[in-house]
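Derivation of every value follows stated rules applied to the coordinates shown; laboratory data play no part. Note that the coordinates shown come from a computational prediction; the quantities given were computed from them, not determined experimentally. Heads up, the Cβs are rebuilt from the backbone with ideal geometry, glycines too, and the neighbour counts pull from every protein chain shown.
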Amino acid sequence: MEQQYETRQGRKRKRFRPRGKILLLLIVLLLGAGIYFFIQFQQGQNIAGETEIEPEEFTGDANNSGFQNILVLGVDSRGEAQSRTDTMMLVTHDRENNEVKITSLMRDIYADIPGYQSYKLNTAYYLGGVELLGETIREMFGVKIHNYALIDFTSFETLVDIAAPGGVEIDVEKEMSEKIGVTLMPGVQNLNGQELLGYARFRADSEGDFGRVRRQQQVLAALKDELISVSAIPKLPKLAGAAQAYVQTDMALVDQIKLGTQLARGGGSEIERLTIPIEGGYTDANYSHAGAVLELDLERNRQALEEFLSQPLD
């Protein structure tokens, strides 16, 4: 009996030993991943100077379970205290289908700015920051804005180089050089941060600002594809660390990581894009106090936006 008891005990020890090793391995892997994330995050902060940007005052609409609208702004400050927004996009995350849509708002839209005379839409940021710009867009189009993110163009270049050290693949449709700081030749190529910004800002052709907006959307879609690729995963902690000092946003870090994870799980689905004003939904006008502007057929543009976003507008 004693020998049988020992044999059973031996069998029990053999049965549980593999489970113990697997559990220990999982703990080691989790600790290792945590340490790696922390070190890479710190390296990203060191690149950016370890200073976080304090968000501006911004009253976001209440969150809902169906979608999230983020006002994404690009600013060319050039050291100035006040500046106009060069890029204005509403990036929509459809939570139910885990899809992304981009709505670009042309900077020359003639807008009723609350408390001020009507000006170009990008002047709203100059007059009252993100809060006034968000209020202007809401009143014009009835769309909800839950959060915002703002990046200076110099910071954009640095973040691109962290996220994609080998560059971002873009099919450059023509030779580009005028007023963008770089010279680009036609063809599919990998662009670094400075080149990608130059490509996105080019407008010295017949398309003008409409072509620039189209290229901005193309760049954002290419960056999204780059960030959800398997090869980008090891770079994400460093990118998140650097973003704390380069991107101004009212979104908490945990919410930024959560959104990035959700988008990564969504795979490489195509990003839908819309530009406001829509084709045939505006007329060219000129005012002494505002210069050349795009005067909207507001009803047509609101209808197009509502159909594109599949969201009720106020």
Pop a pseudo-label 7 angstrom from the Cα along the beta-carbon direction at both GLU279 and TYR116 and give the gap in nm to one decimal. 3.3 nm
In terms of the alpha carbon gyration tensor, root eigenvalues a ≥ b ≥ c, rounded if a/c is under 1.5 and otherwise prolate when a/b exceeds b/c or oblate, segment 80-144 is prolate
Show me the ranking of peptides 61-73, 145-157, 167-179 by mean Cβ neighbours inside 10 Å, starting with the highest. 145-157, 61-73, 167-179
Virtual spin-label span in nm between ASP76 and MET185, 7 Å along Cα→Cβ: 2.6 nm
How high is the FRET efficiency from GLU307 to ASP205, r the C-beta distance, R0 30 Å, rounded to 0.05? 0.50
Net length gained if the chain between ALA62 and GLU139 were fully extended (0.36 nm per residue, minus Cα distance): 26.1 nm
Cross-link list LYS120/LYS224; LYS144/LYS174; LYS179/LYS258; LYS174/LYS258; LYS144/LYS179: which exceed 32 angstrom alpha carbon to alpha carbon? LYS144/LYS174; LYS179/LYS258; LYS174/LYS258; LYS144/LYS179
Can you tell me, using C-alpha contacts under 8 Å and at least 6 residues apart, the relative contact order of segment 67-309 as a whole percent? 21 percent
Could I get the Rg over Rh figure for segment 67-309? Both from C-alpha atoms, Rh via Kirkwood, rounded to two places. 0.94
Added length on full extension, which subtracts the Cα-Cα distance from 0.36 nm per residue, ASP314 to GLU173: 46.8 nm
